[in-house]
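Report on the structure given below.
The values are calculated or read from the model by the stated rules, or taken from the named source; none is laboratory data. Just so we're clear, the structure is a prediction, and the values are computed from it rather than from any experiment. Counting neighbours? That spans all protein chains shown, and the Cβs are built from the backbone with ideal geometry, glycine included.
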Amino acid sequence: MKKVLVIYYTQSGQLRSIVEQLTKPLGSDNEVEVDYLEIKMKKPFDFPWEKEAFFDAFPESFQQLPAEIEPPSAPILQQKYDLVILGYQVWYLTPSIPINSFLKSPYAKTLLGNTPVVTVSGSRNMWVMAQEKVKVLLKQNQAQLVGNIALVDRAVNLISVITLVDWMFTGVKKRLGGILPLPGVSDSEIQNSAVFGQVILKYLKRSSFIGLQDELLQNKAVEVRHFLVSMDKKANKMFTLWSGMIISKTPQARKRWLRVFNYYLFFAIWVLSPIVHLIHLILYPLFYVKTKREEQYYKGIQ
């Protein structure tokens, strides 16, 4: 009997839907037993977000400062799993505070140490640098990253900003104006994620995950859009400066600087990102070889 543990955190329920669909082929197999561990915080994050709380989560999110989580149950901690599937959201270009908190807890090494791990992210569109941070945390926990699946909102970048912000602050997933697409990962892609589960099941039964990521890529588990990678890297540099400055402030000064950061973020998204995109398109031919090399790296698990 193969034993699989699915670890995830969700606010809106989207990531729960993703991991449930993905693991359907595993749970339907008589030779596989699947357990689920939903990460829960001692101090939960509400959904929908209050605007002030959303921005207040920025410094700790980006600086990857852990908070207290509810401990996993004893039966899960005492079990040795053949595979762990780790589902996470991206907050401020970084694994969410709940997932970061789990990965920095003593429970992580117990559950992940010397264990194959497949990471599954559900994000707006920029996930690459968050995955790099997850890789570091997995290595610190002596886990073996064997696969990665990155599901994203397929809408145009600025359109997805509008629709996702509305979803985050209202809690209602809807077509704005009856015209714009639904926010988040599409229902069809969530349903299709069972295909990835079938691929994972095949390698799980082999007791070897060599070649798993290549086959996941053949099934379109990861798409790397280099403009977004470039934006991700640049934004990480700016977020490093902003988060370091804000986190050192007094509570009153912190509120003021978070409001300034809110204005900066609006300017960066609506003014800077289109300019950077245009420059990227102009320079793309000059950096074609480097770009393709980076794309291959980010699609992989090294």
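Structure notes:
- Residue match in the stretch 77-99 (condition: of a type in the set (Val, Ile, Thr), surrounded by fewer than 20 Cβ atoms within 10 Å (Cβ to Cβ) and either part of a helix (DSSP H, G or I) or at pLDDT 95 or above (or both)): no
- Restricting attention to the stretch 121-151, the residues that are more than 25 Å from Val271 (Cα to Cα) and either out of contact with any Pro (no Cβ under 9 Å at 6 or more places or on another chain) or in a strand (DSSP E or B) (or both) add up to 18.
- Residue list for the stretch 21-64, filter: of a type in the set (Ser, Thr, Tyr) and either surrounded by fewer than 19 Cβ atoms within 10 Å (Cβ to Cβ) or assigned by TED's automatic domain parsing to the domain that holds Pro251 (or both): Ser28, Tyr36
- Residue within the stretch 124-141 that is closer than 24 Å to Ala194 by Cα, surrounded by fewer than 22 Cβ atoms within 10 Å (Cβ to Cβ) and over 16 Å from the mean Cα position of the chain (by Cα) present: no
- Residue match in the stretch 206-224 (condition: over 24 Å from Val146 (Cα atoms) and either at pLDDT 95 or above or part of a helix (DSSP H, G or I) (or both)): no
- Which listed residue, of Ser12, Ser17, is in contact with a helix residue (DSSP H, G or I) (Cβ under 9 Å, 6 or more places away or on another chain), assigned to a loop (DSSP other than H, G, I, E, B) and not basic (Lys, Arg): Ser12
- Checking each residue in the stretch 149-205 for being in contact (Cβ under 8 Å) with a residue 12 or more places away in the chain, acidic (Asp, Glu) and under 14 Å from Val19 (Cα atoms) picks out only Glu189.
- Qualifying residue in the stretch 152-165 (condition: within 22 Å of Ser61 (Cα to Cα), part of a helix (DSSP H, G or I) and either in contact with a Cys (Cβ under 9 Å, 6 or more places away or on another chain) or of a type in the set (Gly, Ala, Ser) (or both)): yes
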